[in-house]
Structure formats: C-alpha cells, structure tokens
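Student: I have a structure I would like to understand better, so I am pasting it below and will then ask my questions one at a time.
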Amino acid sequence: MNKQILLYDQNLSKAEQMLEPFADTGAILQFVSEEKTPVAHFWTTTPTVILGLQDQRLKNLSGGLKMLEEKEYIYYLRNSGGLGVVTDPEILNFTLFLPNKDELSIDQAYEKMHQIMMAAFSDKIETGEVVRSYCPGTFDLSIDGKKLAGISQRRSGDAVAVMAYISITGDQKQRSQLMKDFYEISNYPVHEKISYPNIDIHCMENLDILTHQELTISLAKEKILNALITDDYSIDKTSFNIVQTSQPYREAYDKTMEDLIYKNKQLGEKNDI
C-alpha cells in the first residue's frame, strides 16, 4: 500500500454545501479503490443536524424537523444507515480512506481509527457502545464511560472509509439536549419496531475536557496528522485538488450527489405534510 496519504481539508459554511462531504465520500472511495492511495478527509460545518436513513421512519418526523427549523439548525439526510447527529464548528468530522479493504476486517478497520485516536489524544480512549448517547454504536469512543466520538464505516469496490464524528470542544450538553428533544418529538407515538435513542445528556463529553487539554479544531487536526505520520504515512497537503477536478472523480461525485438530492427532496416533502 502507498504510505503517502492525500489530505482533503474542508470547511462548510453555507447550507447549500452541506451535502458535499457525502458526495465526496462516494467519489473518494472510488478513487482510493482504483488508485490504491489513502486519503484523509477533515470537515466541519455550521450548526447542522445530519439524519440517518433510519430517521425517515420516525412517526412524527415533521414535528422534529419543525423544531430544528425553529432553533435555526440546518438539517439533511445522509445516504447511509444509522441515526442522527448534530455538528457545528467545534465538531471535527474525520474520514480515513484506505485501499485493499479485504486486508482489513470490519473490526480491524474500526480498531485502526481507535489506535489513531489514542495516539493523537489519549491512551485512555476505549471502545464500546454508550447506549444512551445519540447515534450509539458498538465502536463508540469514550473515556471513563463518557462518549467523545462515534465511528462508522462504508465499503465500496476495494476501499474502506472509516468515519469519526469527534466532539472536540463547545457545549456538548446542549448538543445532546437538542437531539434528545428531536427524538422525543419525532418518536411520538413510539415506533413499535425501531428503538430510537433514549438520550441521557450527561453521557457524552468533549475531548478537551476528558483529556484535560486545551484543544481547537486546528490543533486536533494537527494531532491526528502527527499520529498518521507516526504510523509511517507521509502527508501530501497539495495534490487532492488535482484528484478532485479529474473527470472520473466528478462523475462519481455527481452520481452520489444526485442520489442525495433525491433523498433530501423526499425528506422536504415529509416536512411539508
């Protein structure tokens, strides 16, 4: 495997940009699968709620979406399963794209992200589901039982994307309260077949508090890149824009974006009911 890793650092500031990271994910997976070159993707957003496909089945979804609008949060539906998360400028979204996916089992890919996070921030970071967090998962990352990050992954072609949602700093209790309110409104009457989170706003915390470090988004990115360098990667900070403007990339991006727009149009129609 090529130990050079391409860096893609993205800051989203407008509502019309919010689907871009997920369209990029589809295109980057195709690129990594074909070219066998890893990619590290950082992205941050304005205050935004990102819903999972499972959230479409909430019985009063329109009520939850209206609440988000009243609180001036952008919202949209991603093109993968799971449940909702809330992001803002103090949440870091980090995806590591790796080729030769069959050399990494699902659990090994998750553990790869765990090891990077430990090397970057603290060897006290553990894995295991934090049940009463929002978007709980088997490979939640926590310290002393407090969730600081969630991990998911996508596999396509011969590549795997391991995605981390990391609470760096800011008001984590406010984030948790927002998602608690969203699910309490949206999941009424309670769905008989799907278990939506019963959120405890005290079971998640920021990385800066849990590690007793003064952290910013920029410093967190630097620490993650240093962890990758320690893992014998070299970081190429300039070449990704060449990849991004290539015809195969644009075609894969446009195809994924078309699907995302369609799904979000349906979401908007549900909110109009």
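The values are calculated or read from the model by the stated rules, or taken from the named source; none is laboratory data. A quick note: this is a predicted structure, and the numbers were derived from the prediction, not measured. Methodologically, a virtual Cβ is constructed for each residue, glycine included, from the backbone with ideal geometry; neighbour enumeration extends over all protein chains shown. The area values use the complete protein model at the heavy-atom level, side chains included, leaving out ligands, DNA and RNA. Shrake-Rupley method; radii C 1.70, N 1.55, O 1.52, S 1.80 Å.
Student: If Glu269 meets every condition in (1) under 27 Å from Pro136 (Cα atoms); (2) without any contact (Cβ under 8 Å) to a residue 40 or more places away in the chain apart from one, which number is that one?
Tutor: With (1) under 27 Å from Pro136 (Cα atoms); (2) without any contact (Cβ under 8 Å) to a residue 40 or more places away in the chain applied to Glu269, the lone miss is (1).
Student: To continue, here is another question. Restricting to the range 161-196, name every residue that is open to solvent by 20 Å² or more (accessible area, probe 1.4 Å), assigned to a helix (DSSP H, G or I) and hydrophobic (A, V, I, L, M, F, W, C).
Tutor: Residue satisfying the conditions is Ile185 alone.
Student: Just to be sure, is Arg132 open to solvent by 60 Å² or more (accessible area, probe 1.4 Å), within 30 Å of Leu68 (Cβ to Cβ) and either modelled with pLDDT of 95 or more or assigned to a loop (DSSP other than H, G, I, E, B) (or both)?
Tutor: yes
Student: Just to be sure before I move on: is Ile199 part of a loop (DSSP other than H, G, I, E, B) and open to solvent by less than 10 Å² (accessible area, probe 1.4 Å) in the structure I sent?
Tutor: yes
Student: Which residue out of Thr48, Thr25 is among the hydroxyl-bearing types (Ser, Thr, Tyr), over 25 Å from Glu251 (Cα atoms) and either at pLDDT below 95 or open to solvent by less than 20 Å² (accessible area, probe 1.4 Å) (or both)?
Tutor: Exactly one of Thr48, Thr25 is among the hydroxyl-bearing types (Ser, Thr, Tyr), over 25 Å from Glu251 (Cα atoms) and either at pLDDT below 95 or open to solvent by less than 20 Å² (accessible area, probe 1.4 Å) (or both), namely Thr48.
Student: Something else: In the range 133-142, is there at least one residue being among the aliphatic types (A, V, I, L, M) and in contact (Cβ under 8 Å) with a residue 40 or more places away in the chain?
Tutor: No - not one qualifying residue is present in the range 133-142.
Student: Considering only residues that are of a type in the set (D, E, K, R) and touching a strand residue (DSSP E or B) at 6+ places or on another chain (Cβ under 9 Å), look in the range 233-266 and name the one that is modelled with the lowest pLDDT.
Tutor: Lys263
Student: A further question on this structure: Name every residue in the range 224-245 that is without any contact (Cβ under 8 Å) to a residue 12 or more places away in the chain and open to solvent by less than 100 Å² (accessible area, probe 1.4 Å), in order of residue number.
Tutor: If the condition is that a residue be without any contact (Cβ under 8 Å) to a residue 12 or more places away in the chain and open to solvent by less than 100 Å² (accessible area, probe 1.4 Å), then Ile229, Asn241 are the ones that fit.
Student: Suppose we filter the range 44-78 for residues that are in a helix (DSSP H, G or I) and among the β-branched types (Val, Ile, Thr); how many remain?
Tutor: The qualifying residues number 0.
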